[in-house]
Structure formats: structure tokens, C-alpha cells
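Notes for the one structure printed next.
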Amino acid sequence: MAVEKNLFKYNLAVVSFVSDAADKIAEWLDYHFLAGADHFYIYDNDGGDTIKEILKPYVDAEIVTYIPCHGANKKILAYNDAVEKFKFECRYMSFLDVDEFIFPRKNQSILEVIDEILSDKESVGGIELNRYTYMAGRNVSADAEGVLEKMTRRGRKATEITNTAVNPRKVDFLYNTRYASYFDGIFRINDYSTKVTGGNFKVSEQLIVNSYKPEDKTKDNELADANASLSSFYRANVFDDGIVRYRKTRRENFGGEIIQTVAENKITDEQILNVLAKTLLPSFDEVDAAEFFKSPENQLKYFRAIGEFYVSAPDDFFQDKMETFLTCFNVSSRLKKNFLNDVAGRFFEDAALNAICQTLCTELSPADSRLLIRELPKIIPLPYKTVEILLSICAGMIDKMIETAQNSSDATKNDEIDENEMALWRKVTELTYLQKLLKLYIPLVTFDVPTNKA
């Protein structure tokens, strides 16, 4: 069952790993915001002061979350870090370099298209987006605005290299910069809603990625075959400025000062609290939850009502809602830190954990079970009696999960995965979570994060 969208701070977040793109990043950010993304997690891999200066107004406006990321071979680690840390902040997440632009071909927003494809498909974790590689066009105007207007010729065929947009709560790990591996029973589709396997490559019609590569960095086969002369290049490639026209239309309809637009449309903590309170207790009907929960009397009234409701609530209230209640738990923890008073915050955390316990008594999918296990490092140290109950239920559940994993059929596994690379990143992911559990009990030990060179 899909999570109520208004529990999230953001609808569509884009993750990018940046090192030397100071000349492109502002155009890339502004385009994707106009196209429907509403947040960006930027991992700055020693990109220098210029990138920090360009990003500062976006960071101040809370359009960008800026994360310094030092050292070599950190891109996949950065992407996995984003999934782990921010999966309960945003409904959908995509992973792009700053020379890659998602292009909705039918003049919808990126979010609208992803919603149409993914929102009602419980067993689907993500959508694959085909790429076209673009090169500089002829007679480029001196007034051309950025890379989109300067690079207007592309290969006639899409490459089989893809990008992805995902529900991050269904992702097991990313094992390279293009592909996600999902929890058991979850698979990826194209925009025809067809399961993606090795034998059914079909070019996306609704969402594609335009990749703008300088000539000396291009490696795509269809362009390499045409590099004997400039004339052969233009015979082999086609003019396509669809994304320029799309950007123009979006500006006319939704334009204006980007930072001001963000401020006007930002989802507030007050709105999220209203949704949280009603999700945990459907009979809650207060208009202003923030004001309501300032009163200790109202806090007790609400949480007594939850206790009474959960004792007699039908099983179908909890069935298939693990993702929802884990989202409620993470939202409660965030609001406790920066919005609610401590008492109300603790009440909401405990109420969400109570709902999780009730959900554990229903039939769980393998994906929901794995998602819960991933959240245990946050739950174990909390000083609630509910935690003890939850962990006692989980102890038996883990044994069952191991048995299920051993007996899982080939049909539940992703195709086209290099098994050695997959095994490595599964090991990295699980060691990372084990590492966090150990840190709870051995706080003085220093751990080194494994890299893909280990």
C-alpha cells in the first residue's frame, strides 16, 4: 500500500556526485527544478570553493542538501549513503551526473510521469530511463544558453546504458552508478510498465535522459562509428532541441525566481504533522495539529485514543503498511529533533513503533521485512517498552527471513547483474549496517568504511 505522499518533505529528489562541474551545475539545478524535482542531494567530491559558492543560495533555500565527500572511489558509496539517510525524506529518488538531464517527452513534469508509472505498483521498485548522447550542433549562436542550446545533435538510437528513478524504500543497494538492486520480490520496469530483463530492451517514450558529453569524453558506439569526419558525424546524428522547447514552456508556465518559488511551495512541518497524526489515528480530525499538541492534556487524549484503537483495530488496518509506519517513525524522529516538544515527539515515536509491532503480526512481504531490519539500528537504543516487544518479534522473523532467502526462486532476482560486483556490494551494504549496530555498544572503536577497492 502506497505511503501517503504528504508524509514526505520532498516528492522527487535527485542525487548527484560532483567533482568538476562548476560551469554546469546551476543550469542543471534550475532545469530539474522547473521539470519537477523539488530537492537535490549533492555530494561534493573535492570540487573546490567555486561549487560551494554556486550552491550556497540553493542550500540556504533548502533546495540542496550539501554533503562533502572526500577521496577516490566514493561515488557508489555516496549513492548508497543517500538511499540510507534520505529514503524517508523523499517519495522518489533519481541518480544523475550534472551532464545528464531527465526529459519528459510529453510536456508533463518528471514527477507526474514517475507517479503515473510507479505509484500503484507495490512490487515495482524503480523505472529505467534510456539515454541519448548529445554533441555540439552546427552554427551554435554566441547567445546560446548553456549546454542544452549548444549541444543539439544526438545519436539516432538510444543507448542501452540507462539511468534510474526509484522508490528508495524498496532499494537493497546500488551496485554501480546506473543500477539499483531491490529487495526480494521487487523488480524494475520501463515506462511501458514492462519488467526489464535482458531480452526486452525497449526505448522509453515518456521519460528519457539526455546526456551531454564533450567530444573527447564520448564513448557511445553510435558516435564512435561516425567520427571519421565531421560530415559523417552529421549524417549519423539528428538535430533535436526538444528539451530546449520543453524548458521554455516550463518557464512560461511555472517560471520566476527559483528560490522564491521554492519558499512559496515548500511542505511545512505543520502540514506533515497533521498527516502523521491522522495516519496513526484515522479518527484524528484537528485542523491545526501543531497547536493541538502543545497542550499536555491533548497529547494524553490523543495517545490514549491510539492505545484504545490499536487494541481493537481490524487486521486490514495494519496489513501491507510496514513502509507507511516506518515512514511515520522516521518522520516522528525528525520532528522530535526540530519541531515538536520532547514529550510529544517521544509519544509519536512510540506510537509509530506500536503500529510497526501490530504490522509484524500480519503477513509481511520479504521486502517489508528487509526494510524493517535496515531500520533496527535506529530503533534498538530507544528507551521504550515497545522496543523490547518489537525486537522479540523480530528475533523469530529473522530466522524465517533466512530460510525464505535460501529458498527464493530465480524469478525474484534481478537480471543482468554482474554476480561478483553484486556480491561485493551486498557485502558492503550488510557490513555497513552491522557496523552501525556494533557502534551502539562499542562507541570507542573506530571503523573504516569499506570501499569498492576493498
Within the range 108-124, identify whether any single residue is touching an Asp or Glu at 6+ places or on another chain (Cβ under 6 Å) and in the same structural domain as Glu257 (by TED's automatic domain parsing), and answer yes or no. yes
Only listed residue being surrounded by fewer than 21 Cβ atoms within 10 Å (Cβ to Cβ), at positive phi and touching a Lys or Arg at 6+ places or on another chain (Cβ under 7 Å), chosen from Asn73, Asn45: Asn73
For the range 137-144, state whether one or more residues are assigned by TED's automatic domain parsing to the domain that holds Val244, in contact with an Asp or Glu (Cβ under 6 Å, 6 or more places away or on another chain) and outside any strand (DSSP E or B). no
Residues of the range 182-194 being part of a strand (DSSP E or B) and buried (at least 22 other Cβ atoms within 10 Å of the Cβ), which ones? Tyr182, Arg188
For Tyr10, state whether it is hydroxyl-bearing (Ser, Thr, Tyr), within 18 Å of the chain's Cα centre (by Cα) and more than 18 Å from Glu264 (Cβ to Cβ). no
If you check Lys150 against the conditions, is it assigned by TED's automatic domain parsing to the domain that holds Glu84, surrounded by fewer than 17 Cβ atoms within 10 Å (Cβ to Cβ), at pLDDT 85 or above and among the basic types (Lys, Arg)? yes
Quick check on this structure: which one of Gly155, Gly198, Gly185 is at pLDDT 75 or above, touching an Asp or Glu at 6+ places or on another chain (Cβ under 6 Å) and in the same structural domain as Phe17 (by TED's automatic domain parsing)? Gly155
Of the numbered conditions (1) at pLDDT 80 or above; (2) surrounded by fewer than 19 Cβ atoms within 10 Å (Cβ to Cβ), Ser141 fails exactly one; give the number of that condition. (1)
Subset of the range 69-80 [touching a helix residue (DSSP H, G or I) at 6+ places or on another chain (Cβ under 9 Å) and not in a loop (DSSP other than H, G, I, E, B)]: Ile76, Leu77, Asn80
So, Glu291, is that one assigned by TED's automatic domain parsing to the domain that holds Glu375 and part of a loop (DSSP other than H, G, I, E, B) or not? no
Has the range 76-84 got any residue that is among the hydrophobic types (A, V, I, L, M, F, W, C), touching a Pro at 6+ places or on another chain (Cβ under 7 Å) and in contact (Cβ under 8 Å) with a residue 40 or more places away in the chain? yes
If you check Tyr58, Tyr41, which single one turns out to be modelled with pLDDT of 95 or more and outside the structural domain of Asn274 (by TED's automatic domain parsing)? Tyr41
Examine the range 83-97 for a residue that is small (Gly, Ala, Ser), more than 17 Å from the chain's Cα centre (by Cα) and not in a loop (DSSP other than H, G, I, E, B), and state whether such a residue exists. no
Considering only helices (runs of 4 or more DSSP H) fully contained in the range 326-439, which possess at least 3 residues that are under 30 Å from Lys278 (Cβ atoms), modelled with pLDDT of 90 or more and β-branched (Val, Ile, Thr)? 342-360
Looking at Asp288, Asp368 in this structure, which one is without any contact (Cβ under 8 Å) to a residue 40 or more places away in the chain and either surrounded by fewer than 17 Cβ atoms within 10 Å (Cβ to Cβ) or closer than 14 Å to Arg169 by Cβ (or both)? Asp288
All positions within the range 16-66 that are among the hydrophobic types (A, V, I, L, M, F, W, C), farther than 22 Å from Arg91 by Cα and either part of a helix (DSSP H, G or I) or in contact with a Leu (Cβ under 7 Å, 6 or more places away or on another chain) (or both): Ile25, Ala26, Ile51, Ile54, Leu55
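The values are calculated or read from the model by the stated rules, or taken from the named source; none is laboratory data. What you are looking at is a predicted structure, and each value in this text was computed from that prediction instead of being measured. Reconstructed Cβ throughout: ideal geometry from the backbone, glycine too, with neighbour counts over all protein chains shown.
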